[in-house]
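The values are calculated or read from the model by the stated rules, or taken from the named source; none is laboratory data. Quick caveat, the model's predicted, so the values are computed rather than measured. As a convention, Cβ positions derive from the backbone with ideal geometry for all residues, glycine included, and neighbour counts pool all protein chains shown.
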Amino acid sequence: MNRDNQKRAPIYEALEKFRGRRVVPFDVPGHKRGRGNPELVELLGEKCVGIDVNSMKPLDNLCHPVSVIREAENLTAEAFGAENAFLMVGGTTSAVQSMILSVCKRGDKIIMPRNVHKSAINALVICGAIPVYVNPEVNSMLGISLGMEVSYVEQAIRENPDAVAVLVNNPTYYGICSDIRSIVRLAHENGMQVLADEAHGTHLYFGKDLPISAMAAGADFAAISMHKSGGSLTQSSILLTNKGVNADYVRQIINLTQTTSASYLLLSSLDISRRNLALRGEESFAKVSMMAEYARNEINRIGGYYAYGKDLINHTSIFDFDVTKLSVYTLGIGLAGIEVYDLLRDEYDIQIEFGDICNILAYISIGDRTQDIERLVGALADIARLYKKDKAGLLSGEYIAPLVVKSPQEAFYAKKRSLPIRDAKNCISGEFVMCYPPGIPILAPGEMITEEIIEYIIYAKEKGCSMQGTEDQKVERLMVLT
Amino acid sequence: MEMWFEEFHTPNVKLSMRIEKQLFSGNSDCQRIDVMESVEFGKFLALDGEILFSEKDEFIYDEMVTHVPMAVHPKVQNVLIIGGGDGGVAKELTQYECIEKIDVVEPDEMLVEVCKEHFPELTEGLSDKRVNVYYQDGLRFLRNKTEEYDLIINDATDPFGHTEGLFTKEFYGSCYQALCGDGIMVYQHGSPFYSGDQSECVKMHRKAYRSFPVSRVYQAHIPTCSSGYWLFGFASKKYHPVDDFKPREWKKLKIKTRYYTTNLHRGAFMLPKYVEEMLESEENK
């Protein structure tokens with residue numbers, strides 16, 4: 001990576017230059033630098049609405065980049081050690097879907113862990129590919145799915161030699177990494193491509209002593225949530241491709257679903273954040289790791305909680321752990337993660353990323369300060385003091401192995417009827433059910449609805465998890481195949 | 001040449017003082033620190049542009065947070081001052097012979113150094129042999145303390161700056177835990193006058209009121225504070241600030257004061273109607 005090159009931010013620079021020219025707009029957007037919408041200017045500020053402009057020659061066009069956007073993409077590729085990079089404005093969902101659509105066609109098999117984000121399965125609904133799930137090992141105490149063990153991937157490849165790709169979470173929401181290097185080697189030996197969902201892994205490219213990034217491990221594609229640990233605006237993201245991937249074809253795939261009016265707020269935020277990461281990422285993430293580590297130690301001293309870290313590593317299903325993630329097991333104080341999540345927000349004015357059945361996840365980033373960490377730890381200590389309960393009657397979040405009966409696409413478009421959730425036992429689901437966040441499906445289209453799954457959904461609802469995915473807003477009924 | 005220091009009390013009201021000269025300006029890890037010499041208020045110290053205390057009126061504040069609880073609690077031995085980097089509160093406390101230990105927790109070491117240089121008459125309070133200074137975050141210091149203190153004085157004034165953590169439910173909870181069974185906590189309650197400050201004031205009352213069995217509010221006139229009118233909180237596990245007040249015992253100690261008197265003690269808890277209503281509206285929720 002050339003540091004001097006990385007000091008540039010072509011989109012940002014072009015916007016600054018454009019602003020200086022004071023061009024009279026007779027094009028979209030119709031708010032015309034905010035003049036037509038004073039309330040919006042009041043909310044967002046003049047500077048912000050002033051760069052909300054349309055694609056034009058001096059600012060390039062995301063659908064067919066030839067000048068400043070292309071340069072920004074090249075700099076991004078260089079910064080991440082990729083062959084090509086695509087700036088994305090439809091969230092990492094669009095990056096994940098574009099990489100799947102780039103390698104899978106209707107009927108193709110793709111090997112993936114079941115704890116994928118819903119965007120991955122949605123891509124299968126769109127293209128008609130068939131998932132081959134690798135059973136992830138589960139830590140039964142923490143109730144979370146771990147990484148994919150290499151031997152299980154090997155078995156899946158052996159049983160499905162016609163599969164075209166393997167998808168890997170690097171890392172999972174909770175910070176758990178699979179042995180992606182060995183998985184890449186195995187997949188490539190068998191003529192399969194490797195797609196990495198790095199929605200939670202932007203920092204792996206810049207921080208020191210962190211798990212290996214997908215590009216460094218030789219994966220073919222990686223979807224990067226710049227807006228998570230990278231610091232760009234929400235909804236901005238990056239798709240990376242490695243050597244041997246036909247970038248022009250990937251661009252065509254992206255353009256199938258991408259807006260033709262890409263926001264320059266998002267694009268410039270990607271440009272500036274990439275520059276920041278390239279120049280200062282290493283020190284920033286060293287600080288993030290240090291803060292997370294400090295918080296982990298302090299939380300573990302409270303008693304009852306378990307803030308886990310590298311101690312979980314077992315060299316197979318937990319090949320590595322991303323120490324910037326602060327996940328805390330809460331059942332030890334007799335409260336479900338989601339209950340602690342609600343208490344933190346309602347009683348202590350602290351918003352964390354999510355709470356599931358057994359854990360909470362606090363997102364630590366380059367924007368945090370030590371005094372905020374003290375508040376979080378202090379609040380957790382106070383919750384343990386005031387709300388501690390007996391552990392009895394709490395469900396631990398067991399992994400429920402899915403029974404895939406039909407492809408997601410077939411099930412999604414099949415004839416369906418609505419049933420009360422209790423009556424849906426032994427039917428095939430026509431829709432998703434998930435807690436959001438994290439957005440990992442409990443049930444996906446085409447999967448068998450078992451007693452166990454029904455109980456889990458009802459329990460999660462009772463504990464206050466925000467459930468999504470079903471046609472019925474209250475998740476009291478499920479759409480099942482007739 | 002004219003030099004004026006200005007501090008906004010609301011977006012539309014400011015306090016302005018004529019300045020003789022600036023004595024210090026620097027940025028610590030926590031905040032910007034300025035020391036200035038003013039014509040009317042003498043030397044004063046400002047944190048992030050807001051006056052923390054001035055030579056002319058700091059005695060009011062220091063006396064009100066110490067003598068009020070000291071005249072209620074019959075036997076204070078261990079005291080914790082959170083954010084007492086200037087030493088003013090510690091200095092008042094050292095007048096009491098019954099006190100055995102005074103822990104001062106101040107996250108900003110530079111603040112202490114600056115005060116030592118420009119306000120030595122205050123920081124001499126820190127050199128008493130009963131005083132221990134800890135350069136640490138207050139929340140962190142408190143987290144593992146259980147029933148150790150008879151009195152905790154929260155000297156932090158700004159609920160929005162780097163001391164934000166000292167105005168939270170978790171802080172009051174930690175104080176409760178760190179106090180002995182008959183312990184008292186005194187804290188800054190802000191100014192109730194301007195509408196912008198009111199909501200913070202009510203929020204503070206809510207947190208203390210829900211954390212402690214006894215929670216009362218008292219007042220003082222401090223010219224450099226917002227609107228010149230300031231409230232303090234008195235929260236306790238046992239003692240009521242007026243019902244358990246012991247004026248005769250306190251008078252026997254012959255403590256020297258310039259603001260506090262035993263008459264004023266009672267009066268300080270008699271609040272204006274609008275303040276009473278504001279606090280009651282929260283209590284009745």
Among the numbered conditions (1) outside any loop (DSSP other than H, G, I, E, B); (2) crowded, with 20+ Cβ neighbours inside 10 Å; (3) among the polar types (S, T, N, Q), tell me where A:Thr470 comes up short. (1)
Surrounded by fewer than 20 Cβ atoms within 10 Å (Cβ to Cβ), in contact (Cβ under 8 Å) with a residue 40 or more places away in the chain, aliphatic (A, V, I, L, M) and out of contact with any Pro (no Cβ under 9 Å at 6 or more places or on another chain): is that true of A:Met99 in this structure? no
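Out of the residues in the stretch B:119-131 that are of a type outside the set (D, E, K, R) and more than 18 Å from the chain's Cα centre (by Cα), which is farthest from B:Lys101 (Cα to Cα)?
So in the stretch B:119-131, the residues of a type outside the set (D, E, K, R) come out as B:119-120, B:122-123, B:125-127, B:131.
Now drop any that are not more than 18 Å from the chain's Cα centre (by Cα), which leaves B:120, B:127.
Values: B:Pro120: 21, B:Ser127: 12 Å.
Step by step, filter the stretch B:119-131, then rank; the result is B:Pro120.
Looking at B:Tyr176, B:Tyr172, can you tell me which residue is within 11 Å of chain A (Cβ to nearest Cβ), over 16 Å from the mean Cα position of the chain (by Cα), under 25 Å from B:His67 (Cβ atoms) and not in a loop (DSSP other than H, G, I, E, B)? Don't jump to the end; show me each part of the working.
On the way: B:Tyr172 fails: over 16 Å from the mean Cα position of the chain (by Cα).
On inspection, the qualifying residue turns out to be B:Tyr176.
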Among the helices (runs of 4 or more DSSP H) lying completely within the stretch A:18-97, list those that include at least 1 residues that are touching a Leu at 6+ places or on another chain (Cβ under 7 Å). A:46-50, A:68-80
Quick check: anything in the stretch A:336-345 facing chain B (nearest Cβ under 10 Å), of a type in the set (D, E, K, R), without any contact (Cβ under 8 Å) to a residue 60 or more places away in the chain and part of a helix (DSSP H, G or I)? no
Residue match in the stretch A:201-218 (condition: β-branched (Val, Ile, Thr), in a helix (DSSP H, G or I) and more than 18 Å from the chain's Cα centre (by Cα)): no
Of the residues A:Tyr387, A:Tyr436, A:Tyr413, A:Tyr341, only one is surrounded by fewer than 24 Cβ atoms within 10 Å (Cβ to Cβ), hydroxyl-bearing (Ser, Thr, Tyr) and under 22 Å from the mean Cα position of the chain (by Cα); which? A:Tyr436
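I'd like to know if the stretch B:52-75 contains one or more residues that are among the polar types (S, T, N, Q) and without any contact (Cβ under 8 Å) to a residue 40 or more places away in the chain.
Residues of the stretch B:52-75 among the polar types (S, T, N, Q): B:54, B:66.
Applying the additional criterion that residues be without any contact (Cβ under 8 Å) to a residue 40 or more places away in the chain yields none.
No, the stretch B:52-75 has no match at all.
Provide a single number: the residues in the stretch A:346-359 that are in a loop (DSSP other than H, G, I, E, B) and either of a type outside the set (Val, Ile, Thr) or under 24 Å from A:Ile453 (Cα atoms) (or both).
Taking the stretch A:346-359 and keeping what is in a loop (DSSP other than H, G, I, E, B), we get A:349-353, A:356-358.
Filter once more, keeping what is either of a type outside the set (Val, Ile, Thr) or under 24 Å from A:Ile453 (Cα atoms) (or both): A:349, A:351, A:353, A:356-358.
Number satisfying all stated conditions: 6.
Out of curiosity, is A:Asn54 surrounded by fewer than 20 Cβ atoms within 10 Å (Cβ to Cβ), among the polar types (S, T, N, Q) and closer than 21 Å to A:Gln258 by Cα? Before you say what the answer is, go through the steps one by one.
Details: surrounded by fewer than 20 Cβ atoms within 10 Å (Cβ to Cβ): yes; among the polar types (S, T, N, Q): yes; closer than 21 Å to A:Gln258 by Cα: yes.
Considered against the rule, which asks whether it is surrounded by fewer than 20 Cβ atoms within 10 Å (Cβ to Cβ), among the polar types (S, T, N, Q) and closer than 21 Å to A:Gln258 by Cα, A:Asn54 comes out as yes.
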Can you tell which of A:Cys465, A:Cys427 is under 23 Å from the mean Cα position of the chain (by Cα) and either closer than 30 Å to A:Ile110 by Cβ or in the same structural domain as A:Ile333 (by TED's automatic domain parsing) (or both)? A:Cys465
Inspect all residues belonging to the stretch B:178-189 and state whether any of them is over 19 Å from B:Ile81 (Cβ atoms) and surrounded by 24 or more Cβ atoms within 10 Å (Cβ to Cβ). no
Scan the stretch A:285-307 residue by residue and report those that are touching a helix residue (DSSP H, G or I) at 6+ places or on another chain (Cβ under 8 Å) and either among the hydroxyl-bearing types (Ser, Thr, Tyr) or more than 23 Å from B:Leu139 (Cβ to Cβ) (or both). A:Phe285, A:Tyr294, A:Tyr305, A:Tyr306
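Take the conditions assigned to a helix (DSSP H, G or I), assigned by TED's automatic domain parsing to the domain that holds A:Tyr305, touching an Asp or Glu at 6+ places or on another chain (Cβ under 8 Å) and of a type outside the set (Phe, Trp, Tyr) and apply them to A:Asp382. Does it pass?
Numbers: assigned to a helix (DSSP H, G or I): yes; assigned by TED's automatic domain parsing to the domain that holds A:Tyr305: yes; touching an Asp or Glu at 6+ places or on another chain (Cβ under 8 Å): yes; of a type outside the set (Phe, Trp, Tyr): yes.
Yes, satisfied.
Restricting attention to the stretch A:1-60, report how many residues are among the hydroxyl-bearing types (Ser, Thr, Tyr) and at pLDDT 95 or above. Even if it seems obvious, please write down each step before you answer.
Within the stretch A:1-60, the subset among the hydroxyl-bearing types (Ser, Thr, Tyr) is A:12, A:55.
Then keep just the ones that are at pLDDT 95 or above; that gives A:12.
Final tally of qualifying residues: 1.
Conditions tested, residue by residue: (1) among the polar types (S, T, N, Q); (2) within 14 Å of another protein chain (Cβ to nearest Cβ); (3) touching a residue at least 24 places away in the same chain (Cβ under 8 Å).
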residue: B:Lys91; (1), (2), (3): no, no, yes
residue: B:Cys98; (1), (2), (3): no, no, no
residue: B:Val105; (1), (2), (3): no, yes, yes
residue: B:Pro120; (1), (2), (3): no, no, no
residue: B:Glu124; (1), (2), (3): no, no, yes
residue: B:Lys129; (1), (2), (3): no, no, no
residue: B:Val133; (1), (2), (3): no, no, yes
residue: B:Asp137; (1), (2), (3): no, yes, yes
Those residues of the stretch A:219-235 which are in contact with a strand residue (DSSP E or B) (Cβ under 7 Å, 6 or more places away or on another chain) and either assigned to a loop (DSSP other than H, G, I, E, B) or acidic (Asp, Glu) (or both) amount to A:Ala219, A:Asp220, A:Ser225, A:Met226, A:His227
Number of positions in the stretch B:192-215 that are crowded, with 19+ Cβ neighbours inside 10 Å, among the hydroxyl-bearing types (Ser, Thr, Tyr) and either within 11 Å of chain A (Cβ to nearest Cβ) or in contact (Cβ under 8 Å) with a residue 60 or more places away in the chain (or both): 2
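Could you tell me whether B:Gly87 is buried (at least 22 other Cβ atoms within 10 Å of the Cβ), touching a residue at least 12 places away in the same chain (Cβ under 8 Å), at positive phi and under 11 Å from the mean Cα position of the chain (by Cα)?
Details: buried (at least 22 other Cβ atoms within 10 Å of the Cβ): yes; touching a residue at least 12 places away in the same chain (Cβ under 8 Å): yes; at positive phi: yes; under 11 Å from the mean Cα position of the chain (by Cα): no.
No: the conditions fail for B:Gly87.
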Number of the exception - B:Val79 against (1) out of contact with any Gly (no Cβ under 8 Å at 6 or more places or on another chain); (2) touching a residue at least 60 places away in the same chain (Cβ under 8 Å); (3) β-branched (Val, Ile, Thr); (4) farther than 27 Å from B:Val133 by Cα: (4)
Considering only residues of the stretch A:335-369 that are of a type in the set (A, V, I, L, M, F, W, C) and over 20 Å from B:Thr168 (Cβ atoms), which is modelled with the highest pLDDT? A:Leu361
First in the stretch A:401-420 and under 16 Å from A:Leu478 (Cα atoms), second anywhere and part of a loop (DSSP other than H, G, I, E, B) and among the hydroxyl-bearing types (Ser, Thr, Tyr), Cβ under 7 Å, 6 or more apart: A:Lys415/A:Thr482; A:Lys416/A:Thr482; A:Arg417/A:Thr482
In the stretch B:93-112, the residues that are of a type outside the set (Val, Ile, Thr), at pLDDT 95 or above and closer than 14 Å to B:Leu126 by Cβ: B:Leu93, B:Lys101, B:Asp103
